[in-house]
Amino acid sequence: MYTARHDITAILIFAMVLPLGSTSCSDKDEPAPPVKGERFIAFTNPETREAVTTQSIREFEVWAFTDPYNKKIMSGIDVRRTGLNSWSYSPVTQWPDGEVDFYAVSPVGMNVDINLPYSHSLQFPAGDGTTDLLVSVKMNARQSDGHIRLNFCHTLARVTTEISTPLTDTEVRVKRISVVDVGTDGRYNIPLSTTVKDDPSDEVTAAWEIWNMSGSRFNLFFDESSHLTVSSEPYWPEGKAEFFLPVRFNPLGTDGGYVNGSAIEVAYQLYDKATGTQLWPKGTTHPFMLAKDLPGWGAVYFSLLDKTPDGRWYAGREYHYKISINGEATPPGARSIDENFVTVTTSTY
């Protein structure tokens, strides 16, 4: 059985087809009462969750097949919110005789390949890291089952960060916080078994094939016109990349004058508060510690392989990285007394 630890659900309920095949929905919390006619498949609200709530989710896409003949009765049907607790789709689908298998994806518009009876998959470009990808499978459903519950699992890892400094006489200016050399594209192989809750996320993670790791950059924070002045009070960037392919990290190293490997990169500068003099980077700064695409800015790299439990991200897990800028950056492998550091905590989301 395909399982997941996450809790967004959609419930399919049995209502009736209205004349001319239209549907009627209520703006109240309860679904509209059934009307006499032939039975069809209808949807009600997903339950609340953190990253996508009942109030924010607007639509999902559904495929449905009869079993054992795999006759397609719903093909990429867009189910949209039309009210507080009302959803609609077209064309209306009647319950057939026998069992039905459901496959659902949110958001809509994903590149889904349904190839019954052998396999189903979706190709996913990570893009800018702002898309949270959810998938649900419900096998062998019958009209007599009553309310049919779709449990959506998170197929990606969620990454958040905060940054601070203990320095009091030095001004820390941050231009950008990024994750580099992590997955940009992959294929998720949708299991042919029902998704249920409360199980480790390694099964979901194992369903991914990651195609590309090197050369990627996702910005968790980037002030293109100015900078962030960091203090002892942690700053939490928002609105940038957040959702990532669940990858196993590459080691941090240097090659051809560049730092490479899976890392959190922080581009920053240090200034003397009393005199306004720039302290770092300076003319003697190691080339590895310069942000190549941001002239005048230095960079520190934190190895994701070393800092993250198991050296990887898992689907359905949130990784919160706490960054502390304590002074000048040093090349990978070097150590200093005032070394910058990062810690990570994990949880489900």
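The values are calculated or read from the model by the stated rules, or taken from the named source; none is laboratory data. These figures come from a predicted structure and were not determined experimentally. Every residue, glycine as well, gets a Cβ built from its backbone with ideal geometry; the counts of neighbours run over all protein chains shown. The protein model used for the area step is the full one, side chains on, heavy atoms only, and it has no ligands, DNA or RNA in it. Shrake-Rupley method; radii C 1.70, N 1.55, O 1.52, S 1.80 Å.
Please work out if Y235 is open to solvent by 50 Å² or more (accessible area, probe 1.4 Å), of a type outside the set (K, R), more than 14 Å from R312 (Cβ to Cβ) and modelled with pLDDT of 90 or more.
For Y235, the condition - open to solvent by 50 Å² or more (accessible area, probe 1.4 Å), of a type outside the set (K, R), more than 14 Å from R312 (Cβ to Cβ) and modelled with pLDDT of 90 or more - is met.
Test of understanding: among Y314, Y301, which residue is touching an Asp or Glu at 6+ places or on another chain (Cβ under 6 Å), of a type outside the set (V, I, T) and either modelled with pLDDT under 95 or open to solvent by 50 Å² or more (accessible area, probe 1.4 Å) (or both)?
Unique residue meeting the criteria: Y301.
When you go through S106, S88 one by one, which is the residue that is surrounded by 15 or more Cβ atoms within 10 Å (Cβ to Cβ), small (G, A, S) and more than 22 Å from the chain's Cα centre (by Cα)?
Answer to the check: S88.
If I ask for residues that are assigned to a strand (DSSP E or B) and of a type in the set (S, T, N, Q), which ones from segment 97-146 would you list?
Listed by number, the residues that qualify are S106, N111, N115, S119, S121, Q123, S136, N140.
When segment 261-284 is examined, which residues are found to be polar (S, T, N, Q), touching a strand residue (DSSP E or B) at 6+ places or on another chain (Cβ under 6 Å) and surrounded by 16 or more Cβ atoms within 10 Å (Cβ to Cβ)?
Listed by number, the list holds a single entry, Q269.
Return the only residue of K240, K292, K282 being basic (K, R) and either within 20 Å of G183 (Cβ to Cβ) or assigned to a strand (DSSP E or B) (or both).
K240
Can you list residue pairs whose Cβ atoms sit under 7 Å apart, with the first residue in segment 297-323 being closer than 17 Å to M213 by Cα and in a helix (DSSP H, G or I) and the second being among the aliphatic types (A, V, I, L, M) and open to solvent by 10 Å² or more (accessible area, probe 1.4 Å)? Count only pairs 6 or more apart in sequence or on different chains.
L305/L252; G311/L305
For segment 109-126, give me each residue that is open to solvent by 20 Å² or more (accessible area, probe 1.4 Å) and at pLDDT 90 or above.
G109, M110, N111, V112, Q123, P125 - these are the residues of segment 109-126 that are open to solvent by 20 Å² or more (accessible area, probe 1.4 Å) and at pLDDT 90 or above.
Within segment 171-215, take every residue that is of a type in the set (K, R) and in a strand (DSSP E or B) and give me the one that is least open to solvent (accessible area, probe 1.4 Å).
Across segment 171-215, the extreme among qualifying residues is R176.
Is segment 277-297 home to any residue that is at pLDDT 95 or above and polar (S, T, N, Q)?
yes
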